[in-house]
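Read-outs: derived from the displayed coordinates by stated rules, not from any lab. This is a predicted model, so every value here is computed, not measured. Using ideal geometry, Cβ is built from the backbone for each residue, glycine included, and neighbour counts are taken over all protein chains shown.
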Amino acid sequence: MADWSDLPRELLDEILTRLDSPIDALRFRAVCSTWRHSSPSNLKSNGPQTPLSLPSHGISLSKRSIFVLSPCETPISELPHNDNPNSWVIKIEEKNLNFFHIFFPLSWTQIDPLPEDFPRVMDLSNIRIRELGCEYFLRYTDKICFRGDFLNLLIEKVAIIPGINHDHFFLLTIHVSGKLALYNSVNNIWHIISDKIDVPYDDIIAFNGEFYAVDYTGRIVLVRCDAIDNTALLATSFGGGDKKRLVEVGDELMLVDVYMGLPPWEYDHDMENFDGYVTSRSKWFKVYRLDRKNAVD
């Protein structure tokens, strides 16, 4: 049987360059002392290192990673969809070295206090940990005279595309005006993208190395990072929902049209229980697939 500790250093270096997740780097270092000594303890993951201060009025870039934790006997191939009652899907934000905040995976709500049966020690010999993905967001860090967690409410979704080297990246977000704002880490400046149609944007996404954005009417544009004319129209306005969301599903880009009111088939018989207002909870959805071959361009 081959001895893993005898692998040549150049092969170990090749393996390290292909590790995208800090969890994978930890596993690499846990194989044996030779592998541990061959890798830096602070191995960087892909994407910008966070938290990262950005130019413009106390804005910082933060990151939260989504993990699934399962008992060690769970096969790795089953981690994303296993139904083991002892498994956990969590979202983690690293505040500083070895200090984390844990959130529910589908919300901004922090899990505090932790459930009694939640593992207090992340021992890789007893727990399988797999990173499912991550999210970046902007947090406004100006000192404002509010108490509690008010600053945690001042957050904006962002999409990120890596640049030509490890430290270079492009960042897209929606400005308070509803326009798209593009940040280039090379020249360290923000650019507000002008648009011929003055309709606020509703969502953004990075998909297959490109930025996409959708406005409140359902109009979808491709956002170019290095062109004077930054947007290219892909789909004209359609749909009648209250919110638009772009979602990656496999190799497809989907538009989710979110309706906040009652669906037509429930409207009549539910009117007797109508309380006079519509809640902010999503009621029903329509999902569309973007066809790039027949897209407007």
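One table, with the values for the structure above:
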| quantity | calculated |
| --- | --- |
| Cross-link table 63/196; 196/286; 157/243; 196/243; 179/243; 244/283, entries beyond 23 Å C-alpha to C-alpha | 63/196; 196/286 |
| Positive-end extreme of charge dipole, the range 185-264 - chosen from 212, 201, 188 (charges on Cβ) | 201 |
| Leading residue at positive end of dipole, the range 92-137 (Cβ point charges), from 119, 107, 132 | 132 |
| Compactness of the range 177-251, expressed as Rg and Dmax over alpha-carbon positions, Å | 12.6, 40 |
| Whole-number D in µm² s⁻¹ for the range 163-219, Kirkwood Cα-pair radius fed into Stokes-Einstein, 10 °C, 1.306 mPa s | 130 |
